[in-house]
Amino acid sequence: MRDYQRQYPEFSLCGLNCGLCPRYHADGVSGCPGCGGEGFFKKRPACGVISCARRHGEIEYCYLCAEYPCKKYDNADATDSFISQINQRKDMEKAKRLGIDGYRAELDEKVRILRDLLGSYNDGRHKSFFCVAVNLLELSDIKSVMERLAVETTTDNTVKEKSAAAVRLFECMADRRNMSLKLRKKEK
C-alpha cells in the first residue's frame, strides 16, 4: 500500500468526496491528503477497499468493477465518519453516468465553493457543517445559497455574522430538500 497513489484523491476509490471532508482541509496531524494522495499510506496504512481494487485489476473507482455494488456497500451509508456517507453510492452512480471528468468538474466546483466558505464565512466553529452542507446539497442549491450570501452579507459584517447567515441559509435550503446537515455517528 506504500506505493498507492491516485491522480484524483478528492474522490475516493469507494465513492467518498474526500475533497469535501474536514480532514482534507486540516493542517497538521489531523489532515488527510484524500484517497491515494501524497502521504496517504501514513494516514491509512491498511484499507480493505484498496486491497480489493488491486485484486480486481487496479480499478480506479469501485463502480468500474464487475462486482459493483458488492457487499462492502451494504449499509455503508448508515453512519458517517469525518465525512457524510449518505450520498456515497449516489455519487458513484453519478460518476458512472456522467463519466469521471463530468463528475470531477462538479466536485471541483464544490471544493472551490467550500474553500470560499472556509476562508470567508467560517467563524472557527462551522467547518464540519460547511463540509456536510456542500457534500450533501446539489450544486445548484449551493450556488443559490452563495448568491444569497453575497447579497445578504458585506465586508462590513464580522466573520461571526457572515457565518451565522451562511448557516441559516444552508439550513433553510436543507429544510426545503427535507434533509439534515448533521453527521450521523455510530451508537455506542
**OP:** Could you check segment 87-142 for helices (runs of 4 or more DSSP H) lying wholly inside it with 2 or more residues that are surrounded by 14 or more Cβ atoms within 10 Å (Cβ to Cβ), under 10 Å from the mean Cα position of the chain (by Cα) and hydrophobic (A, V, I, L, M, F, W, C)?
**Re:** 100-120, 127-136
Subject >> Matching entry among Glu58, Glu147 (being on the phi > 0 side of the Ramachandran plot and acidic (Asp, Glu)) >> reply: Glu58
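Residue-by-condition table, conditions (1) more than 18 Å from Leu118 (Cα to Cα); (2) touching a residue at least 12 places away in the same chain (Cβ under 8 Å); (3) among the hydroxyl-bearing types (Ser, Thr, Tyr):
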residue	(1), (2), (3)
Ser140	yes, no, yes
Met146	no, yes, no
Thr153	no, yes, yes
Ala165	no, yes, no
Cys172	yes, no, no
Met179	yes, yes, no
Lys186	yes, yes, no
**OP:** Would you be able to tell me the number of residues in segment 74-86 that are of a type outside the set (Gly, Ala, Ser), touching a residue at least 24 places away in the same chain (Cβ under 8 Å) and surrounded by 15 or more Cβ atoms within 10 Å (Cβ to Cβ)?
**Re:** 5
**OP:** Search segment 1-53 for residues being assigned to a helix (DSSP H, G or I) and among the aromatic types (Phe, Trp, Tyr), and hand back the single one that is modelled with the highest pLDDT.
**Re:** Phe40
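The values are calculated or read from the model by the stated rules, or taken from the named source; none is laboratory data. Worth saying up front: this structure is predicted, and the values here are computed from it rather than measured. Note that we place each Cβ from the backbone using ideal geometry, even for glycine, and neighbour counts take in every protein chain shown.
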